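I have placed the structure first, in the form of structure tokens, so that the comments after it can refer back to it.
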Amino acid sequence: MHEYGVTESIIRIVEDKAKEAGVTKVTSIHIVVGALTGFVPDCIRFYYDTMSKNTIAEGATLEFEELPLRLRCRSCADVFEPITREWKCPACGAPEIDIEGGRELYIKEMEVS
Amino acid sequence: MSKIEIIQGILDANEATATGNRAVFDKNDCLAVNVMSAPGAGKTSFILRTIEALSADTRIGVIEGDVVSTVDAEKVHDVAQAVIQINTKGMPESCALVADMVHVALQRMPIEDLDLVLIENVGNLLCPTEFDLGEHLKVVITSTPEGHDKPLKYPVIFAQADALIINKADLLPYVDFDMEEFTRTVRNLNASVQFFPLSCKTGEGVAEWATWLRDQRQRR
Ligand SMILES: Nc1nc2c(ncn2[C@@H]2O[C@H](COP(=O)(O)OP(=O)(O)OP(=O)(O)O)[C@@H](O)[C@H]2O)c(=O)[nH]1
Ligand SMILES: [Mg+2]
Ligand SMILES: [Zn+2]
């Protein structure tokens, strides 16, 4: 849904970094997406095809690495990946948790030539 | 062929703009509140009730993020000190407000004459969680007909909320909304959230919310 803006931002970052490094062609971009962000990789790819035209990163492959949802128990500080929709600490059984991981959204690296 | 490490947040630019917005609010001693909910939960009604409850001693501005129409802005126009409509129409990312839209709105607002700015986000429980606007408080509204299992489906927005409005309390006798179950589920995700069951229709419960908000303002 808001993938348009996200794609725009990906291209801007990659262009800046490529310029900084003095490279002429970006061939692939490695993007890390947490399971909770709700970004749809295929949707980003769809926008990317048109929006990257005539840029240094035109036609680059987008590789997505999904990071899992991780929760931290507020009682015993155990960090776990929930299996069911009921978020209970597997170590002590407490239901009070904080979201520890799964909201990531960043560009990790790019391949250039 | 070689690799270049980047490690840069894709939403960093939005964060930076949001930080700038927050500085503008702070400098003008103005409390900014981001109001979020699913479509139709009662954001506009809630903003109108909040203005009614506080306008005697608080100068209030509203930023309306209605996707395509000016309906909500028109409703608020007569009662608020200033209303800015953000038209997200034509912008593909219209599923949430982003910091830049608020930045633009602030340039058209008499911010130095305001004590409180209420921002009506786009009706959506998923996308607004990604975009900090520069607000001080996040207020999430759930209305009783939506059911009490919303927090399990959209955990992030409930985990982020500073205040949770349970609107349409007047409908409780007619809908299957388990208040205890709902508050417990949210508490499990968010230790510090404040709950305010209220009805924008009858006005019941609005005073408690208004007192809390006034208190938040005075604390800053
Ligand atoms: N019964 C009842 N109806 C309410 C209450 N609050 C709002 N409504 C009704 O719910 C409908 C939607 O209210 P709005 O305030 O427009 O909701 P909104 O979240 O701003 O809607 P969008 O901006 O379209 O997402 C309207 O018909 C309101 O009259 C309430 O407390 N009780
Ligand atoms: Mg509205
Ligand atoms: Zn535990």
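The values are calculated or read from the model by the stated rules, or taken from the named source; none is laboratory data. Please read these numbers as outputs of a predicted model, since none were measured by experiment. Note that each Cβ is placed from the backbone with ideal geometry, even for glycine, and that neighbours are counted across all protein chains shown.
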Problem - All positions within the range B:141-181 that are assigned to a helix (DSSP H, G or I) and crowded, with 23+ Cβ neighbours inside 10 Å - result: B:Thr144, B:Pro151, B:Pro155, B:Ile157, B:Phe158
Exercise for the section: Just name the residue that is nearest to B:Gly42 (Cα to Cα) out of those in the range B:146-201 that are touching a Ser or Thr at 6+ places or on another chain (Cβ under 9 Å) and basic (Lys, Arg). Expected result: B:Lys168
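Yes or no, residue by residue, for (1) part of a strand (DSSP E or B); (2) away from every other protein chain (no Cβ under 11 Å); (3) under 24 Å from B:Cys95 (Cα atoms); (4) in contact with a strand residue (DSSP E or B) (Cβ under 9 Å, 6 or more places away or on another chain):
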{"residue": "A:Ile13", "(1), (2), (3), (4)": "no, no, yes, yes"}
{"residue": "A:Ser28", "(1), (2), (3), (4)": "yes, no, no, yes"}
{"residue": "A:Ile44", "(1), (2), (3), (4)": "no, no, yes, yes"}
{"residue": "A:Lys53", "(1), (2), (3), (4)": "no, yes, no, no"}
{"residue": "A:Ala57", "(1), (2), (3), (4)": "no, yes, no, yes"}
Practice task
For B:Thr19, indicate whether it is among the β-branched types (Val, Ile, Thr) and more than 14 Å from B:Gly123 (Cα to Cα).
Solution key: yes
Problem - Whichever residue in the range B:53-85 is exposed (fewer than 14 other Cβ atoms within 10 Å of the Cβ) and at pLDDT 85 or above and, among such residues, is nearest to ligand 3 (Cβ to nearest atom) - result: B:Asp57
Completion exercise
Selection over the range A:74-94 where residues are within 12 Å of another protein chain (Cβ to nearest Cβ) and either surrounded by 13 or more Cβ atoms within 10 Å (Cβ to Cβ) or within 9 Å of ligand 3 (Cβ to nearest atom) (or both) yields a count of 7
Exercise for the section: Considering only residues that are of a type in the set (Val, Ile, Thr) and in a loop (DSSP other than H, G, I, E, B), look in the range A:66-86 and name the one that is farthest from A:His30 (Cα to Cα). Expected result: A:Thr84
Completion exercise
Flagged in the range B:24-64 as aliphatic (A, V, I, L, M), out of contact with any Asp or Glu (no Cβ under 9 Å at 6 or more places or on another chain) and assigned to a helix (DSSP H, G or I), in numbering order, are B:Val24, B:Leu48, B:Ile51, B:Ala53
Practice task
Could you please tell me which pairs satisfy a Cβ distance under 9 Å, a separation of 6+ or placement on different chains, a first residue in the range A:78-100 that is within 19 Å of A:Glu66 (Cβ to Cβ), and a second residue that is within 16 Å of ligand 2 (Cβ to nearest atom)?
Solution key: none
